[in-house]
Structures are given as C-alpha cells and as structure tokens.
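Report on one structure; see the data block that follows.
The values are calculated or read from the model by the stated rules, or taken from the named source; none is laboratory data. Keep in mind that what you see is a predicted model, and the values were worked out from it rather than measured. Because the Cβ atoms are built from the backbone with ideal geometry, glycine has one as well, and the counts that use them run over all protein chains shown. Just the protein is used for accessible areas: all its heavy atoms, side chains included, with ligands, DNA and RNA removed. Shrake-Rupley method; radii C 1.70, N 1.55, O 1.52, S 1.80 Å.
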Amino acid sequence: MKDSSRGQKLAAGIWLTLIVAAAVYGVISIARGQALESNILALLPNSLSTTTHESSLERRFVVLVGADHSARAAAESLQEQLRSQPQLIVSSDQLPEAVLSFFRPYLHQLLSPSQRTHLQQHSAEQLAQQALNALLNPVDGLRPYALQEDPFNLGGEWLSYGLASSVEPGAIPSLRDGDQRWFIISGEVTGSAFDPAMQQIVENALEHIAKDYPAVTLLRSGVVFHAAEAARLAKAEISTVGVGSLLAILIIVIGLFRRLQDLLIIALTLASSTAIALAVCLLVFEQVHLITLAFGATLLGLAVDYCFHLLIKTREVGSANSAYLQLRRSLWLGAASSIAAYAFQLLSPMTGLHQFAVFMAAGLAAAVTTLATTHPFLSPQSRGLTQAWDHKFRRYVLPSYQALTSHPKVLSAVFAALLAALGYAATSLQSDDNLRSLNTSSDTLLASESRVRDLLQLPDNSRYFSLSRNSSDALLTDSVELANNIDALSPDAPLPAKLVVGRIIPPIHQQRSDAALVQQKLYGPKGALNELCALLASSCEWRQSLPTDFVPGLTLARDNAGITELLPALLFSRSADTRLMLPANAALSSDQLHQLAQQSNAQFHDTPQELSNALAEFRQDAGRSLGLFLILFALIMAFVYRRRSVIPLGTLSLVLLISLVLGTGGHVSLFHVLALLLVIGLAVDTVIFYLEIGFNSSSWLAATMASLTSILAFGLLAVSDVPVLNHFGHVVFCGLLASWLLTPLMILLFESMSRRFKEGINEGTL
Amino acid sequence: MLRFVFLFCAISLCTLAATPSGWANPGANQKPSTALAILESRMGNIGEIRGNFTQVQHLAALSQPLQSSGDFYYSPTEGLVWQTLQPIETTLKITPDFALHTQNANGELEKNRAPEILSRLFLGIFSGDTSVLAELFYAEEIHTEKEPRNSGWQLRLIPRTKALADQVASITLGGDRLIETVYFIQGNGDKREISLSATTLRRGEQAVQDPTP
C-alpha cells in the first residue's frame, strides 16, 4: 500500500463503515424473511395490484389425490399432515352452520327456478304427498333444516340449487372422472401465498406424500404452488447468472492480473455495490423482488468494468493515483450516464422498474465511490502485463481495425447502409406484451392447475363481468338478467347459481313473489301443509311459528362472513357493484362476451389481457424514457465532445438497432427494452472510455474484459427457462458484442475521416 | 372449495341420521376393516334378496312416531328397489351405478339429485360393499348379549369427522345371518329405525325361501 493522506484515509474509513452497515442491514432484513418478494404481480403498478378479496383467493389451494387404489390413504395422510401445521387452515367444521344460518330466516321466500315451476304446476294434495314421500325415503337428498321449520324442505332444494357441485361428500370429499376417483384436499395458507415459509410447508407435505405413495397422482391448484415454482426458478436463475458472472470475472481476473490486491479491489467493488444497492432498495421499498435481484445481477457486470479500467490503467502508468486522475472524468461520466439511463425508469408507473432503477443507480454510484475512495491504497503496479498486451494489440488488433478503416468512405457507406437497413427492419418490429412472458410455472403445473379447475368446475376469477348499479336491488336484478343472457348462449351449461349474486340473493320483488307463492301453495289456508299434517295424523302445532309473509333482510347488506368462500358470487359483491365470474371451461368467444357486456350495461374484464395491456403501456413508457434519455445523452455528448459526439451517437444508434433487430427476434417486449438499458450502460461506458483515453492497448483490453465478462455472464440468460430472462439475455448478448466490436471501428473511422478531412483542407481539395 | 364439499357432506348426511346424543365416541380406536368385515361376510355374497321392511321414525316435529312399511328387493345386477306400501305407496330405486330414482308427482320414477354418497351408503348395506362406510365412519362391533333380538351381531358406525358428527351421531347395523336392523340417530333428536325381514335369499346360485332361522 502506498502512502496516502489523512483525508483519504478518513474518506475510505467512512465509506467502508457505510458498506459494512449496509451489508449488515441487508443480511438482517433477509434473515428475518421479509425482505424478498416473489409475487410477480407486485412488480406491477398499484392500480393493478390485487384486492383484499383477490388476496384471499390467492391464499387458497386445492390438491387432488387419485389415480390409484392407495389414493384414499394418501389423501388421509396428506390431510393429517396439513392439519398439523398451524400456518394452514384445512377445511372448517363451522362453515355449514354459517350457510344454514345465513338463509334460515328466509327459507319460505327462496325458490329455485325448478322449485318455483314445481309449486306452480302441482296441487296442494300432490305437494303434500311428495313431502311425505320424501320424509319416508331413507335415501332422501338434502334436508338441512328440521321438519318443523321447513316441512317441505325448501331449504334443501335451495341449497342444492345454490351449491350444486359434482363433488361427493365424505370424510375426504371426492369426485369421479370416468373410472378415476380423486380425493380433494383443500385449504388456505394463513399468510401470503408468496411467503416462502408457507410455500415450504405445503410443498414439504406434498413431497412426503409423493414419496410414501409413489403410485398416486397429485394434482395441484393454487397460487402458493405457482409462487413456489416461481421462487425456485428465480433463485436458480439468479444462481446461474450470479455464479456465471462471478466465475467469468474470477477466471479472467486471475488469469490476467494474477495479484491478490487486484482480486481484493474487485471483490470490494462488487460487494460494496451489491450491499449498497440492496440496502438502498430495502430502505426505499421495504422489500426487494427476486426478479429485481435477477436483473440487478447485471450490476456486477457494470461495476466490475470500472475496476478493469482502473487496474489496467494503473498497470499502464504505474500508479493508481495517476491512473485514477486520468480516468476520473470517464469513470464519473460513464457512471453518471448509466445512472441517468436507469433513473429515467423512475418516470414509469411500474414498481418493478422503480426497484430496478434504484438498485442499479445506487449500485453504480457505490462502485465508483469505492474506487474513488480506495484507489490511493493500491500499490504501484508492474507494467509487464500491459506491455505484453500492448504487443498483441499492436500486432493483431490495431492492424485489423486499421485495415477495416483504410477505406473510410466505403466503411461510412457500409455503416450508413447498415443503419438504414436496421432502421427499416426496426420499423417492422412487432410488440409482444403477452403475459406468458412473465410465466414462471412449468407446463406440468399449468396442466395440473387446468385439470383441477375443470374437474372441480372452479370459477375463473381472471375473466369476469363487473356490474355497477345505483341500488342493490337493481344490481341483483341485472346480474340475473346478465346470467340469463349468458345461459341463452350456452344452454347446455347454465351458470351455477353460486356464481351469480342475484341467484343467491334474489331481488326483493322475486323474494316477495316467491313468498306469496309459498303461502298460496304450502303454508296458506288452502296450502299443502294442511294435507301433509293430515297425512302425518298430526296437529302440527309448530306451524304457528312458520312465517306468514315476506321477511325483509336478505340483501347484500346481510353479513355474509364465513360463507363467501362457498358462494363466490358474494365474494366480490358490494351494495352497488358485483362481479360475475365465468366457469373455467366457459366456451364463449371474446366477441360474445363483449357483446353480452354491452347488452347488459356491464364491463367484461379479461385480467390476463388487461395485464398484457399494462405490460404494453410499461413497454411504451420504458421506451419513451429511453428515448428521452437518448435525446438528453445526445445533447450532453454534443456539448462535451462537439464534433466527436458523432462517435458515441453513431455507435449507440448502431448498437441499439442491432440489439433490437437481432436480439428480439422481431417481437419487442418490455423486457427487451429493459435489456437495452444494460446495453446502453455498457456501450456508453465503453465509448466514453475510448473517447477520454483513446483507442489504445489498455483501453481496448479494459473494454474487452468488460464486454467479455458481461457477455459471458448475461449471455447465460439467453438459455433461461423464463421468457423474461431469455429476452434479456438475447438482447444483451447482441448489444454487447456489437458494442465491443463497433466502438473501436467508429473511433478509428472518425479519426480517419477527420484526418482526411484535414488533409483535404490542407491540400485545398476541400 | 373444500369447505363447500364439507357443507355438502354435512347437510346431506343429516338426512340419514338420527339423534340421541347418548353415544360416546367408542369406535375411534378400532380398525374399521375388522368390524365391517362382519357386514361384508353376511351380505357380501348375495345373489338376490327379497323381503319386507318396517320403518319407524321419531321426529321432533311429531308427537307420534311416523311408521311405514313395504317391500324391498336387491340384486347386484338390478340394484335396490324400495317400495313403501303404507301409509302411502311410493317407490325408490337405486341402480348398481348408484343412481337414485324416486317417484315424481305423476307417480313416475325419475332420477333424483340426491348426492350419490347416500345411494352408495344404502346400497352398500345390502351389497356388503363396506368401502363407503369405511370412508365415512369408524366402525365397532357391539356385544349385546342382554338383547335377545340382537343375538347375532351389531355394528356401530361413528362419523370420522366433526362436521359429520354434528349432524350424524351414529348409525347402528344389526342382524344375524343377514342384516336385520338399521338405526340412524341424528344430532337434532330425530331417529329412523328400519327393520328388515328377508323372505327370499339367493347366495350365488342358491335360492332359499324364508331364510329366517
């Protein structure tokens, strides 16, 4: 270590303390288990975040155990394991009573359409006889209320209608699918489905079952499973990129520098940038998304570049202080331009972009600050390395580039043609905002989810109609009308009543009308109850307590706690608005659905489509921010480098167009645009370093190492299973390769053109 | 969704069940297969059985028991036909695929929407197929030397889940060579006691007239 001033030591000490504090803060936050977020939807803006009720849906899960004779035993074992976990709720014994209580006061005014018709079409004698038949029948269906409060079992009929299902009751409920029988285990996690601890509990139980009962098939449905797969995949991807990046850096650094001091300064720079980036992100957002970390791993690629430039320059000039002084402007200018490129993403409404921007900006600032504060402590370097590379550079690299630029006009024409061709190709690029690019679930899990939904006829809460009316009763009436219109289009598969709020809580006029019909046909003076009591040879004293008129109170305002999970229509219904969800297997075209919405003065929501639209908006946002940054960058370059600004602008234009056209495969997504940010960051750094210190062996070596490590690290993303990361990898690979190859060419071309221009002036030919 | 299933389970089975909450929880520790094997051994090899029944229902809403009687017929190929003759004539049929058919207002048999579990349970008693019983209940054998009528065997079925137990206190099956009584007790105080008397029995290819010992 060389002598350094007291002020430098103080600055370094303060900065190191800050780094340690940031690292401790980050480690503690992660150790507490609250720092990392894996819900992909958390990256979207608040306007698209999930509601409380959607969150409650997110917590639920269903597992179907079947396809083997040991399925029942496996299901029992699974149920037992899940029930032993305090973080999980597996079924509830109290729910039936909640439903019975909800409808109990109104039994005599709730008629299903078929029951209504039945009452209308039959005489009091017939109705009494049927009631007695049902009483005597030892295999009668639902009779949830006692004879004295519901002698004609209206409640049983009503609940059969409202809760219709193909599920067979049992100690463990089951359902048949052809010859197969599936046992159903379901429940919910008490915390967030995105909490890794919750995921672990459910996954562990399933792993045990799969191990103990290898012949059974387990079908899974629920956010918790998708979140677990997403988290697993994101962690694996982070490992791939992180390990790949580190390995590449290590191999190159050790191979090239072969000094412990160099390794330490690189390690310190990487550690400080990561620690500061994470800490700042946690301070600003409280949680950091795993996807942010995955993309944030690119920070390592940028941060290490500054080290390469400083270390190589130090070797060239023999002193770290001198090297830093020569590089200071390019280091800070490069970092500032990259930070600016990321900071522009703060203009976007997308939370994910905010996190990414803050993470990168903080990390880059930290990397440069680390070099600024620690370089005085670097020992003088031998020039052996740079001399060796200087020889190679002069022998192979420079002549190659010079050969290419020996005909500057031709090369200029080639570049112009290339720009024009790429520009033309870019105009034919199409956008790809499909939500599938965010999908992190395996095909197996998606198939399993789909199968469970089909078998259990679960509602699809991502496709629904929303209805808003001025009054609760109008809302109920219109929801029934909308449901009737839907049924008319698919008469073979009418909507289950539990999905239509107006079918579960009929409008007041319907309740009044049904109450009148019940009085007329059953409870009134000429009603079937008289006949039934005669058949039973009973005075039926309890009949006095049966209601004689409509009972008000069954409205949307009635407390429905505990039953919304059984009656999904109530889950999203308020006094003035409701949501009508469709069954997962509803076979209606998009046109039909939108026509229905128009016809019923409702809105049809296709959440995947809306999220795709949101992605499109974010892509456009990010693109606009990028465009704005490029304009600003052009102005700054023009101000700083005057005529030479054509080099960064020309290079960046070419690099961006190559990345877009070749890296996106013709379809541009938001994540391609994000990848362009990294490309810009690295390309701008490269070009600024060349502009500041010239195209020579040390700048070329530093730029080569910077590009090579980044290409090696982030090129790995191109093989990712996650489309998002895959998109990122392709663009980064094409962009960095182009930047590395083209920047020196542009520099030499400009110099050559300038030289010829000057020569032309001197010779008077221009 | 599962809660929905449990609701169904609970409210559908309350139809079958009965009352006096006097049953403790005795069968919980007994393996169902041991006790249910008795039923399976008595009813498992029936080729055809015909007989009559009487049913007595003690309902909280009625001061007098509700009595009914009629004929029944079971064969593995045709299922169960349950024909009530008194106090009114009515028929129900459970086919071997567990479909329940009951008489409509016009006297015609039509498919009933009752959950299949009830048909499986009732048919299981006649066929000796104890899988449904084992699924829903713990079973224990009761030794009732003091009751001459039940000198053969008695099984008590205790619901496996609390949700079911809230509705169904127990089911007791009794008999000798064949099943003779089915006694449902449900939580609300109602009871249903069915006495069966076989007049024709064929095990495999063998037909026996008046099999009563």
Handout entry: Cysteines in chain A that, by Cβ-Cβ distance, have no pairing candidate under 4.7 Å
Key = A:281, A:307, A:734
Completion exercise
Using the Kirkwood formula on alpha carbons, the hydrodynamic radius of the range A:105-160 in angstrom works out to 11.6
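If you count, for every residue in B:60-67, the Cβ atoms of partner chains within 10 Å of its Cβ, what is the mean?
Working: counts 4, 12, 10, 5, 3, 0, 8, 1.
Per-residue shielding by partner chains comes out at 5.
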Problem - Relative pair counts by distance (%), Cα atoms of chain A, 20 Å bins - result: 14, 36, 26, 16, 7, 2, 0
Practice task
Pop out the ³J(HN,Hα) list for the range A:457-469 in order, Karplus 6.51 cos²θ - 1.76 cosθ + 1.60 with θ = phi - 60°, rounded to Hz; leave Gly and Pro as x.
Solution key: 6, 6, x, 8, 7, 9, 10, 7, 9, 10, 10, 10, 9
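What percentage of the solvent-accessible surface of the range A:152-244, computed with a 1.4 Å probe over protein heavy atoms, is contributed by carbon and sulfur atoms? Let's see the in-between values first.
On the way: 1760 of 3270 Å².
Carbon-and-sulfur percentage of accessible area, whole number: 54.
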Handout entry: Rounded accessible area of residue B:41 (nearest 10 Å², 1.4 Å probe)
Key = 70
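Could you give the length gained on full extension between residue A:332 and residue A:574, defined as 0.36 nm per residue of separation minus the Cα-Cα distance, in nm?
Details: separation 242, 0.36 × 242 = 87.12 nm, distance 5.61 nm.
Contour length minus the Cα-Cα distance gives 81.5 nm.
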Problem - Residues residue A:286 and residue A:260, FRET efficiency given R0 of 51 Å [Cβ-Cβ distance, rounded to 0.05] - result: 0.85
Exercise for the section: Can you send over the carbon and sulfur percentage of the accessible area for the range B:30-92, probe radius 1.4 Å, protein chains only? Expected result: 45
Problem - Rough spin-label spacing in nm, given labels placed 7 Å along Cα→Cβ, for residue A:404 and residue B:197 - result: 10.7
Completion exercise
Per the Kirkwood formula over distinct C-alpha pairs, the hydrodynamic radius of the range A:404-479 in angstrom is 19.1
Completion exercise
Which residues qualify? For residue A:572, with a placed amide H closer than 5 Å and at least 5 residues away or on another chain, they are A:579
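If you add up the charges near residue B:133, with Lys and Arg at +1 and Asp and Glu at -1, over every other residue whose beta carbon is less than 10 angstrom from its beta carbon, what do you get? Don't skip to the answer; put the middle values down first.
On the way: positive: B:120; negative: B:40, B:129, B:135.
Charge balance in the 10 Å sphere: -2.
Rounded to the nearest 100 Å², what is the buried accessible area between B and A, both sides summed, probe 1.4 Å?
On the way: alone 11260 and 33660 Å², together 39790 Å².
Adding both sides of the contact gives about 5100 Å².
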Problem - Where labels lie 7 Å past Cα in the beta-carbon direction, separation of residue A:425 and residue A:190 in nm - result: 5.8
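Which pairs, out of A:498/A:526; A:521/B:191; B:93/B:191; A:235/A:498; A:211/A:498, put more than 31 Å between their alpha-carbon atoms?
Details: A:498/A:526 34 Å; A:521/B:191 29 Å; B:93/B:191 22 Å; A:235/A:498 40 Å; A:211/A:498 37 Å.
Beyond 31 Å between Cα atoms: A:498/A:526; A:235/A:498; A:211/A:498.
How high is the relative contact order of the range A:187-345, in percent, counting Cα pairs under 8 Å that sit 6 or more residues apart? Don't skip to the answer; put the middle values down first.
Details: 73 pairs, mean separation 27.9, N = 159.
Reported relative contact order: 18 percent.
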Handout entry: Distance in nm between pseudo-label sites at residue A:450 and residue A:104 (7 Å out along the Cβ direction from Cα)
Key = 4.5
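Give the accessible surface of the protein assembly as shown per residue, rounded to a whole number of Å², with probe radius 1.4 Å and ligands, DNA and RNA excluded.
Working: 39790 Å² over 979 residues.
Accessible surface, normalised per residue, equals 41 Å².
Per-residue mean of other chain beta-carbon atoms within 10 angstrom of the beta-carbon, peptide A:7-17?
Partner-chain Cβ atoms within 10 Å, mean over residues of A:7-17: 0.
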Completion exercise
Probe 1.4 Å, all chains present, heavy atoms only: residue B:138 accessible area in Å², nearest 10, is 60
Exercise for the section: Would you check the accessible area of residue A:705, probe 1.4 Å, heavy atoms only, in square angstrom rounded to 10? Expected result: 10
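Once fully extended, how much extra length lies between residue A:590 and residue A:751, figured as 0.36 nm per residue of separation less the alpha-carbon to alpha-carbon distance?
On the way: separation 161, 0.36 × 161 = 57.96 nm, distance 5.96 nm.
Full-extension gain reported as 52.0 nm.
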Handout entry: Residue-by-residue Karplus 3J(HN,Hα) for the range A:10-24, coefficients 6.51, -1.76, 1.60, Hz, glycine and proline x
Key = 4, 4, 5, x, 4, 5, 5, 4, 4, 4, 4, 4, 5, 5, 4
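How would you rank A:414-427, A:155-168, A:518-531, highest first, on the average number of other Cβ atoms within 10 Å across their residues? It would help to have the intermediate numbers written out before the result.
Details: A:414-427: 13.1, A:155-168: 21.8, A:518-531: 19.0.
So the order, starting with the most tightly packed, is A:155-168, A:518-531, A:414-427.
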Fill in the blank from the handout: Cα-based Debye curve of the range B:86-146 sampled at q = 0.26 Å⁻¹ gives log₁₀ I(q)/I(0) of -1.06
